[in-house]
Structure formats: structure tokens, C-alpha cells
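Shown next, in C-alpha cells, is the structure this report addresses.
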Amino acid sequence: MDMQTSLLNRLFDSGLLIDTGVEGLYGRSGAFEDVIARFEALVSKFGQDQNAEEIRFPPGMNRAHFEGSGYMKSFPQLAGTVHSFCGCELDHMNLLQCMAEGDDWTKGQDATNIVLTPAACYPLYPVVAKRGPLPQGGGLFDLQSYCFRHEPSNDPARMQLFRMREYVRIGAPEDVMAFRQAWMEKGRKLIETLQLPVEIDVANDPFFGRAGKMLSNNQRDQNLKFELLVPVTSTAKPTACLSFNYHQDHFGTTWGLKTADGAVAHTACVGFGLERVALALFAHHGLNTNEWPEPVREALWGN
Ligand code: ATP
Ligand code: ZN
């Protein structure tokens, strides 16, 4: 049994994660959720001086905003769209017949105006752009959302539905870069507080296809994405638990985001993979939170 399956089975056996029969789609126990809640509180503590505007979007976003974001150009393989039955009674009878015969009944489903959110910050940009130019100094936002990515896997750290907590900075390039730099340092400190081994490295997104290879290389060459890695199921291939992304003017140009003086705004985000951090904690400190090292318990439950 490989290490991924073995950790996943241990998580199932302990009841921390609950098997639904679909890879990457799990129930979570109260103990698992408690770790996520306490970790989020710790993130908020590290981020409290920023005075971020807190916004929570549901895990589905406006399809028009999704289309406008260009996600399908880069990651068509990961996207998930919401479809519904929109037919008449006759269509309904045909649908039930089709299901009874074990045929593919999903072909009769129509696309709704909702797409599953691929990353917590995607719904934010068009909404902020609609407000008009940013105030002096730009904007800083605190987000959290369940996200969907179609990447079924027996690696418990690669889920199809998982939560991302994000801080997003929108403003002048130098402010946005300074934000990302500050979070790379804070993020390291935060994870070290939890007594987890940390490494930060330059990274790239899994852009689709042959043209995507070029985008990936470009992203790497320009140091646009860094990841904070922690070994979860493998020490040779540690898992990205935090990401630090600089989008330059991509979202600013796409959505018409403007700074107070009328320039195209730049954006950057720091994303915390909440399940991945929880899994790293369970993998390193054991499946029983009562037995975690005292300083780790203190950092999470001490206030
Ligand atoms: P990876 O390279 O491992 O696929 P990513 O670079 O695609 O991750 P981002 O798009 O930067 O990840 O997402 C932000 C954060 O969300 C990541 O740092 C990670 O912690 C978390 N994350 C991404 N994909 C998953 C997943 N499939 N399951 C759980 N957490 C995830
Ligand atoms: Zn983001």
C-alpha cells in the first residue's frame, strides 16, 4: 500500500474523514472541523493588523464571472459546472426511463448560471471592480470558500472539494508585492508555530495542454507563484499547503480594477489550503489532537 492510501485509510478508520465512495469527496468529523476552525482563528490572529474586509461567498459563482476570468483557457480539466433538469413532463418521463435503464441521464441536463468556485478569490475581482476605483491605498480582503477541482485522487491532500482561506491584496504593484513578501514570511512563522517542517519554493500552476507548458515556464521564470510545502504523505514530494500568487495586472485588466489614481490595479493573494494544513498536523502529530505537542495545542486552542 502506498503512503497516500495508507494515510487515507488511517483517516477513515479513525473517523476523521468519512468515505463517500468518490475519491476526493469526504465527510469531516467534528474533531477534524475543530482543527480547521482553530487554524483559521490562528490565521486571523496573524492577519489581524491588516484590517481586511471580510467577505464569504458560497461555493458556486456567477457563470458569467467564471467565463470572464479566463479559467477555461488555463484549466478546463479542473472546472466543474452546475447543471439542472429544465425540461417538461415528457422530458421528465424520458429522464426516469433513461435512469431505470442505466443509461446516461445527465445528457439532458442544462447548464445553470452557477459554476463551482475554483479558487476562493475568483468571485471577488468582478465584485470589487463594480464598486468603482479602489480607495486610496487599495483594498485588502479576507475570503474563505469551499472550492471544486476535478482532480480525483487517492491522495487525501488532493481533494475535489476543499476549503481555501485567502487574503487578497488589490492595489499599486509595489503594495501588492510588499503584501506577498510579508505573507511569505508570516506564513512560514505561522506553520513553524505548529511545529511542522517548512520549505518555500517557486512553483507553477498546472496549465492545460502544450501551450500551457509555456505559461507554466513563464510563471516560474517570473517568480509569480511560490508555495509553502510541508511533507504530508511523502518527504520526497512535500505538499503545497500555502500559495503566494502575484497575478500582475491579469485580473485588473480583465475586470477593469482601478486604483484611486486611475491606474490598472495589480493583485496578489495568499491562499491557505485548510484541509491540507489539517492533514499535515494529523500526519506529523498523530490522529489524536489531545496527544499533540503542548506548544501546538497552545497555539491552536490556547486563546
Ligand atoms: P497543487 O500544485 O498541489 O495542485 P495548486 O498550485 O493548484 O496546488 P492553488 O491553486 O495555489 O494550488 O490553491 C491554493 C491552495 O489550495 C494550495 O496551496 C493548497 O493548499 C490548496 N489546494 C489546491 N488544490 C487542492 C486540492 N485538490 N485539495 C486540497 N487542497 C488543495
Ligand atoms: Zn487567489
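Summary table
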read-out	value
Residue in region 87-95 that is touching a Phe, Trp or Tyr at 6+ places or on another chain (Cβ under 9 Å), modelled with pLDDT of 95 or more, among the acidic types (Asp, Glu) and within 16 Å of ligand 2 (Cβ to nearest atom) present	no
Residues (of a type outside the set (Val, Ile, Thr) and touching a strand residue (DSSP E or B) at 6+ places or on another chain (Cβ under 6 Å)) located in region 76-109	Gly80, His83, Ser84, Cys86, Gln109
Some residue of region 281-291 being within 16 Å of ligand 2 (Cβ to nearest atom) and touching a Leu at 6+ places or on another chain (Cβ under 8 Å)	no
Cross-chain or 6+ apart pairs with Cβ under 7 Å, region 183-205 first and at positive phi, then open to solvent by less than 10 Å² (accessible area, probe 1.4 Å)	Gln195/Val296
Among (1) assigned to a strand (DSSP E or B); (2) open to solvent by less than 10 Å² (accessible area, probe 1.4 Å), the one test that Cys121 misses	(1)
Pair list, Cβ under 7 Å, 6 or more apart: region 151-162 residue touching a residue at least 12 places away in the same chain (Cβ under 8 Å) and within 10 Å of Gln4 (Cα to Cα), other residue aliphatic (A, V, I, L, M) and in a loop (DSSP other than H, G, I, E, B)	Ala157/Val232
Any pair with Cβ under 8 angstrom, 6 or more apart, that starts in region 270-292 at a residue that is open to solvent by 10 Å² or more (accessible area, probe 1.4 Å) and ends at one that is assigned to a helix (DSSP H, G or I) and of a type in the set (Asp, Glu)	His285/Glu291; Thr289/Asp34
Residue that is farthest from ligand 2 (Cβ to nearest atom), among those in region 233-250 that are open to solvent by less than 50 Å² (accessible area, probe 1.4 Å) and under 13 Å from Ala172 (Cα atoms)	Tyr246
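The values are calculated or read from the model by the stated rules, or taken from the named source; none is laboratory data. All of these numbers come straight from a predicted model, not from anything done at the bench. A quick note on method: Cβ atoms are made from the backbone with ideal geometry, for glycine too, and the neighbour counts reach across all protein chains shown. Only protein heavy atoms, including side chains, enter the accessible area calculation; ligands, DNA and RNA are left aside. Shrake-Rupley method; radii C 1.70, N 1.55, O 1.52, S 1.80 Å.
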